[in-house]
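The values are calculated or read from the model by the stated rules, or taken from the named source; none is laboratory data. Please read these numbers as outputs of a predicted model, since none were measured by experiment. Quick reminder, even Gly has a Cβ in these numbers, built from the backbone with ideal geometry, and neighbours come from all protein chains shown. Protein only, heavy atoms only, side chains kept; ligands, DNA and RNA dropped before computing areas. Shrake-Rupley method; radii C 1.70, N 1.55, O 1.52, S 1.80 Å.
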Amino acid sequence: VQLQASGGGLVQAGGSLRLSCAASGRTFSRDYMGWFRQAPGKEREFVAYISGSGGSLLYTDSVKGRFTISRDNAKNTVWLQMNSLKPEDTAVYFCAARGAIGALTRTQRWDYWGQGTLVTVSS
């Protein structure tokens with residue numbers, strides 16, 4: 001099983017990026033998928049998750065209204081559209097799959113992780 005995250009890069013404050021996470025080796029159509037991020041010198045933190053059907057979503061407060069998580073089960077892919085980026089969004093972004101219901105904001109409760117993609121927002 002592999003999660004391949006991509007789409008990171010350098011962007012100016014106020015700009016946008018779209019991260020992608022393509023899964024291979026098994027289907028996650030019935031599983032929650034999510035995005036986390038880790039800024040330099042900080043712990044990995046929850047950003048957003050989406051249920052298998054797409055009907056259940058949650059965002060951390062700092063990205064609400066700016067980020068949108070979505071998925072296409074036919075493509076076994078999840079995206080994170082990031083708009084109005086701020087310097088404090090700078091981090092390595094990780095996708096995750098198969099989170100434990102009831103503990104989806106906890107890093108330790110996800111079974112599969114991608115390798116991370118770096119997002120740098122300049123001021």
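About the Cα centre, and with charges only on the beta carbon of Lys, Arg (+1) and Asp, Glu (-1), how big is the dipole of the chain? Nearest 20 debye, please.
Values: 14 positive and 8 negative charges, 36 e Å.
Here the chain has a charge dipole of around 180 debye.
Determine the sum of side-chain charges near residue 66: Lys and Arg each +1, Asp and Glu each -1, restricted to other residues whose C-beta is under 15 angstrom from that of residue 66. Provide the component values of the computation, followed by the final result.
Details: positive: 18, 37, 64, 86; negative: 61, 88, 89.
Overall, the nearby charge balance is +1.
Note down the relative contact order for the stretch 9-123 as a percent, whole number, built from C-alpha pairs under 8 angstrom at least six residues apart. Intermediate values should be presented prior to the final figure.
Details: 253 pairs, mean separation 40.5, N = 115.
Relative contact order for the stretch 9-123 comes out at 35 percent.
What accessible area per residue, rounded to a whole number of Å², is obtained for the chain using a probe radius of 1.4 Å? Intermediate results must be reported in sequence, preceding the final value.
Working: 6200 Å² over 123 residues.
Accessible area per residue, the chain: 50 Å².
Go through 45, 88 and list them by solvent-accessible area, largest first, probe radius 1.4 Å.
Values: 45 85, 88 125 Å².
Order by accessible area, largest first: 88, 45.
DSSP loop trypsin sites (Lys or Arg not before Pro) in the stretch 2-31 with at most 11 other Cβ atoms within 10 Å of their Cβ, which ones?
30
From the backbone phi of the stretch 28-42, what are the Karplus-calculated ³J(HN,Hα) couplings (6.51 cos²θ - 1.76 cosθ + 1.60, θ = phi - 60°) in whole Hz, Gly and Pro given as x?
Residue by residue, the stretch 28-42 yields 10, 4, 9, 10, 5, 10, x, 10, 10, 9, 9, 7, x, x, 10 Hz.
When the accessible area of the chain is split by element with a 1.4 Å probe, what percent falls to carbon and sulfur?
Details: 2820 of 6200 Å².
Accessible surface attributable to carbon and sulfur in the chain totals 45 percent.
What figure in square angstrom, to the nearest 10, would you give for the accessible area of residue 61 with a 1.4 Å probe?
120
Give the aspartates and glutamates reachable from residue 86 as a straight Cα distance under 16 Å; neighbours fewer than 8 places away on the same chain don't count.
Within the straight-line cut-off, residue 86 pairs with 61.
Using the Karplus equation 6.51 cos²θ - 1.76 cosθ + 1.60 (θ = phi - 60°), what ³J(HN,Hα) coupling, rounded to whole Hz, does each residue of the stretch 84-90 give in order, writing x for Gly and Pro?
Per residue, the Karplus-derived 3J(HN,Hα) values read 6, 5, 10, x, 6, 7, 4 Hz.
Which order do you get for 117, 68 if you rank them by accessible area with a 1.4 Å probe, largest at the top?
Details: 117 15, 68 70 Å².
These residues rank, largest area first, as 68, 117.
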